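J.: Below is a structure I'd like to ask you about.
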Ligand code: BGC
């Protein structure tokens with residue numbers, strides 16, 4: 001009898017959890033055949049922009065963790081970046097920013113999100129390069145004269161080599177170096193910049209660098225992943241509090257940039273697909289949002305790692321949340337030790353050139369997810385890698401439709417930044433991924449507006 005009851009419970013428990021999960025985490029799907037994507041509306045004053053990051057476009061970033069990584073080799077002697085590529089001169093944006101700002105004006109956008117390169121501003125510990133700082137001041141001035149708001153990111157995956165040598169964000173005691181850098185930049189630029197992003201995608205930085213080993217420092221250590229993530233969130237909180245205390249701090253809008261990438265179960269009836277999907281969502285999305293809602297950070301990977309931290313000051317430590325959204329993937333349980341899962345897409349999905357598909361409904365879901373932080377939202381990145389330029393138009397139509405629908409349903413989204421202004425250095429993928437509204441010829445440094453970008457220009461100029 002007891003055995004029968006235990007057996008029944010063992011069957012009932014997974015079934016009940018699956019039902020609960022299915023109800024709580026629906027995989028939103030719209031019938032695009034029945035949707036008129038031109039039926040969109042954006043409120044007056046909605047901020048349209050484009051985004052880039054220093055290492056990906058500037059050129060001459062040769063003193064940071066990524067420049068080291070690009071020349072390093074993996075355990076098998078292979079280069080770390082696809083085709084052994086290096087960021088190098090990139091788009092030479094450092095010298096060509098005036099030309100690029102003119103390109104933004106042609107698009108009609110009113111904001112530009114870019115990152116300041118810490119390794120150029122503070123090339124050696126405690127030594128600040130005033131000429132580098134003047135450069136960013138000039139960029140802001142040219143933007144303002146063009147009627148474009150500068151939006152600054154303080155950390156977008158790169159930092160100086162000296163900071164790396166000190167153990168970067170692996171060590172909590174290094175956070176004050178980052179706070180000092182941010183205070184310095186804020187002190188110099190606060191009169192020109194109103195919107196500030198502290199850290200770009202802490203979850204991507206931590207998981208790619210410490211769990212998957214695809215970004216520097218190439219480690220595969222679940223516990224360290226949790227520690228680094230905790231330190232990045234703590235760093236954001238400390239920077240937020242520090243800048244708020246500075247002159248004009250109360251005027252500035254300061255936020256964190258969070259990538260939401262849904263990891264949906266491949267089979268919606270499969271307990272193990274579900275359990276893995278919930279675990280990955282916990283690491284990548286939920287534990288971060290939870291920290292800012294409650295002050296409690298709890299990062300847990302079953303039998304592998306657990307990091308706990310409490311800082312009540314994390315609650316409300318942001319004036320807005322920056323949402324970077326690209327797509328989702330499906331998690332499939334595998335019995336193939338040491339691999340226990342694979343990330344897959346469904347056969348009927350339209351792929352981008354990255355490993356993930358076009359999934360505009362996910363933007364709607366992601367907006368709903370970050371809205372739980374109860375602060376205004378900016379879409380700080382959204383775009384498609386599409387070398388053939390045969391899906392960009394569709395991508396933009398669908399994602400802008402999803403965005404407009406979310407706004408119409410009452411979500412407080414204040415702006416949208418397309419990723420990216422032009423093709424650039426796509427980290428571990430090198431130069432193969434073409435995210436640009438403008439196509440780059442890296443030999444001649446010529447920029448050319450893509451056909452697939454025209455719909456974006458049309459919408460921006462209608463609103
Ligand atoms: C990053 C960008 C990157 C983009 C496209 C985001 O995760 O912030 O730097 O280029 O995704 O992959």
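J.: On the basis of being closer than 19 Å to residue 50 by Cβ and either modelled with pLDDT of 95 or more or in contact with a strand residue (DSSP E or B) (Cβ under 8 Å, 6 or more places away or on another chain) (or both), does residue 444 make the cut?
T.: Details: closer than 19 Å to residue 50 by Cβ: no; either modelled with pLDDT of 95 or more or in contact with a strand residue (DSSP E or B) (Cβ under 8 Å, 6 or more places away or on another chain) (or both): yes.
Here the answer is no, as residue 444 does not meet what is asked.
J.: Follow-up question, since we're still on this one. Return the total of residues in segment 431-443 being within 12 Å of the ligand (Cβ to nearest atom) and crowded, with 18+ Cβ neighbours inside 10 Å.
T.: Within segment 431-443, the first condition is being within 12 Å of the ligand (Cβ to nearest atom), and the residues that meet it are 431-436.
Subsequent filtering for residues that are crowded, with 18+ Cβ neighbours inside 10 Å retains 431, 433-436.
Total satisfying the criteria: 5.
J.: Taking residue 362 as meeting all but one of (1) closer than 24 Å to residue 253 by Cα; (2) part of a helix (DSSP H, G or I), write down the number of the exception.
T.: Among (1) closer than 24 Å to residue 253 by Cα; (2) part of a helix (DSSP H, G or I), residue 362 violates only (1).
J.: Select from segment 114-135 the residues that are closer than 17 Å to residue 150 by Cα and more than 22 Å from the chain's Cα centre (by Cα) and list them in ascending order.
T.: Selection gives 132, 133, 134, 135.
J.: Restricting attention to segment 266-282, does a residue exist that is closer than 24 Å to residue 235 by Cβ, buried (at least 19 other Cβ atoms within 10 Å of the Cβ) and in contact with a helix residue (DSSP H, G or I) (Cβ under 6 Å, 6 or more places away or on another chain)?
T.: no
J.: Tell me whether segment 329-342 contains one or more residues that are modelled with pLDDT of 95 or more, within 16 Å of the ligand (Cβ to nearest atom) and either within 24 Å of the chain's Cα centre (by Cα) or over 27 Å from residue 380 (Cα atoms) (or both).
T.: Checking segment 329-342: at least one residue is modelled with pLDDT of 95 or more, within 16 Å of the ligand (Cβ to nearest atom) and either within 24 Å of the chain's Cα centre (by Cα) or over 27 Å from residue 380 (Cα atoms) (or both).
J.: Can you name the residue in segment 284-325 that is within 16 Å of the ligand (Cβ to nearest atom) and buried (at least 21 other Cβ atoms within 10 Å of the Cβ) and, of all such residues, is nearest to residue 18 (Cα to Cα)? Explain how you work it out, then say what you get.
T.: Our first condition is that a residue be within 16 Å of the ligand (Cβ to nearest atom); within segment 284-325, this holds for 284-285, 288, 321-325.
Adding the requirement that they be buried (at least 21 other Cβ atoms within 10 Å of the Cβ) leaves 284, 288, 321-325.
Details: 284: 21, 288: 24, 321: 31, 322: 31, 323: 29, 324: 29, 325: 26 Å.
Applying the filter and picking the extreme gives 284.
J.: When segment 101-136 is examined, which residues are found to be under 23 Å from residue 378 (Cβ atoms) and more than 16 Å from the ligand (Cβ to nearest atom)? Let's see the steps before the verdict.
T.: Let us first name the residues in segment 101-136 that are under 23 Å from residue 378 (Cβ atoms), namely 101, 103-118, 136.
Residues satisfying the conditions are 101, 103, 104, 105, 106, 107, 108, 109, 110, 111, 136.
J.: Continuing with the same structure: Scan segment 159-170 and give yes if some residue there is within 19 Å of the chain's Cα centre (by Cα), within 16 Å of the ligand (Cβ to nearest atom) and within 30 Å of residue 97 (Cβ to Cβ), otherwise no. Walk me through it before giving the result.
T.: Our first condition is that a residue be within 19 Å of the chain's Cα centre (by Cα); within segment 159-170, this holds for 159, 169.
Those left that are additionally within 16 Å of the ligand (Cβ to nearest atom): 159.
Filter again for within 30 Å of residue 97 (Cβ to Cβ), leaving 159.
Within segment 159-170, one or more residues are within 19 Å of the chain's Cα centre (by Cα), within 16 Å of the ligand (Cβ to nearest atom) and within 30 Å of residue 97 (Cβ to Cβ).
J.: Okay, next question. Out of (1) modelled with pLDDT of 95 or more; (2) in a loop (DSSP other than H, G, I, E, B), what's the single condition that is false for residue 325?
T.: Unmet condition: (2).
J.: Of 447, 398, 392, which residue is closer than 21 Å to residue 366 by Cβ, away from the ligand (no atom under 16 Å from the Cβ) and crowded, with 18+ Cβ neighbours inside 10 Å?
T.: Being closer than 21 Å to residue 366 by Cβ, away from the ligand (no atom under 16 Å from the Cβ) and crowded, with 18+ Cβ neighbours inside 10 Å holds for just one of 447, 398, 392, which is 398.
J.: Filter segment 344-355 for residues that are within 15 Å of the ligand (Cβ to nearest atom) and either touching a residue at least 60 places away in the same chain (Cβ under 8 Å) or not in a loop (DSSP other than H, G, I, E, B) (or both); which is surrounded by the fewest Cβ atoms within 10 Å (Cβ to Cβ)? Quick ask: steps written out before the conclusion?
T.: First, the residues of segment 344-355 that are within 15 Å of the ligand (Cβ to nearest atom): 351-355.
With the extra rule that they be either touching a residue at least 60 places away in the same chain (Cβ under 8 Å) or not in a loop (DSSP other than H, G, I, E, B) (or both), the set shrinks to 351, 353-354.
On the way: 351: 13, 353: 17, 354: 16.
Ranking the candidates gives 351 first.
J.: Could I ask something else about it? Taking residue 98 and the conditions (1) closer than 22 Å to residue 416 by Cβ; (2) more than 16 Å from the ligand (Cβ to nearest atom), which numbered condition does it fall short on, given that it satisfies the others?
T.: Unmet for residue 98, out of (1) closer than 22 Å to residue 416 by Cβ; (2) more than 16 Å from the ligand (Cβ to nearest atom): (1).
J.: Since residue 268 meets every condition but one in (1) more than 15 Å from the ligand (Cβ to nearest atom); (2) part of a loop (DSSP other than H, G, I, E, B); (3) over 24 Å from residue 366 (Cα atoms), which condition does it not meet?
T.: (3)
J.: Taking the stated definitions as given, is residue 426 within 20 Å of the chain's Cα centre (by Cα), surrounded by fewer than 24 Cβ atoms within 10 Å (Cβ to Cβ), at pLDDT 95 or above and within 16 Å of the ligand (Cβ to nearest atom)? Write out each step before concluding.
T.: Numbers: within 20 Å of the chain's Cα centre (by Cα): yes; surrounded by fewer than 24 Cβ atoms within 10 Å (Cβ to Cβ): yes; at pLDDT 95 or above: yes; within 16 Å of the ligand (Cβ to nearest atom): yes.
The answer is yes for residue 426.
J.: For segment 39-147, give me every one of the helices (runs of 4 or more DSSP H) that falls completely inside it and has 2 or more residues that are at pLDDT 95 or above, closer than 20 Å to residue 181 by Cα and in contact with a strand residue (DSSP E or B) (Cβ under 9 Å, 6 or more places away or on another chain). Full working, then the answer.
T.: Numbers: elements: 54-57, 65-71, 93-107, 118-121, 130-145.
Where helices (runs of 4 or more DSSP H) fall fully within segment 39-147 and carry at least 2 residues being at pLDDT 95 or above, closer than 20 Å to residue 181 by Cα and in contact with a strand residue (DSSP E or B) (Cβ under 9 Å, 6 or more places away or on another chain), they are 54-57, 118-121, 130-145.
J.: Considering (1) more than 16 Å from the ligand (Cβ to nearest atom); (2) touching a residue at least 40 places away in the same chain (Cβ under 8 Å); (3) touching a strand residue (DSSP E or B) at 6+ places or on another chain (Cβ under 7 Å); (4) part of a helix (DSSP H, G or I), say which one residue 278 fails and leave the rest.
T.: (3)
J.: Scan segment 19-42 and report the pairs whose first residue is surrounded by 15 or more Cβ atoms within 10 Å (Cβ to Cβ) and whose second residue is in a loop (DSSP other than H, G, I, E, B), with Cβ atoms within less than 8 Å and a gap of 6+ or a chain change.
T.: Within 8 Å, the pairs are 27/268; 42/463.
The values are calculated or read from the model by the stated rules, or taken from the named source; none is laboratory data. What you see is a predicted model; the values in this text were computed from it and never measured. Reconstructed Cβ throughout: ideal geometry from the backbone, glycine too, with neighbour counts over all protein chains shown.
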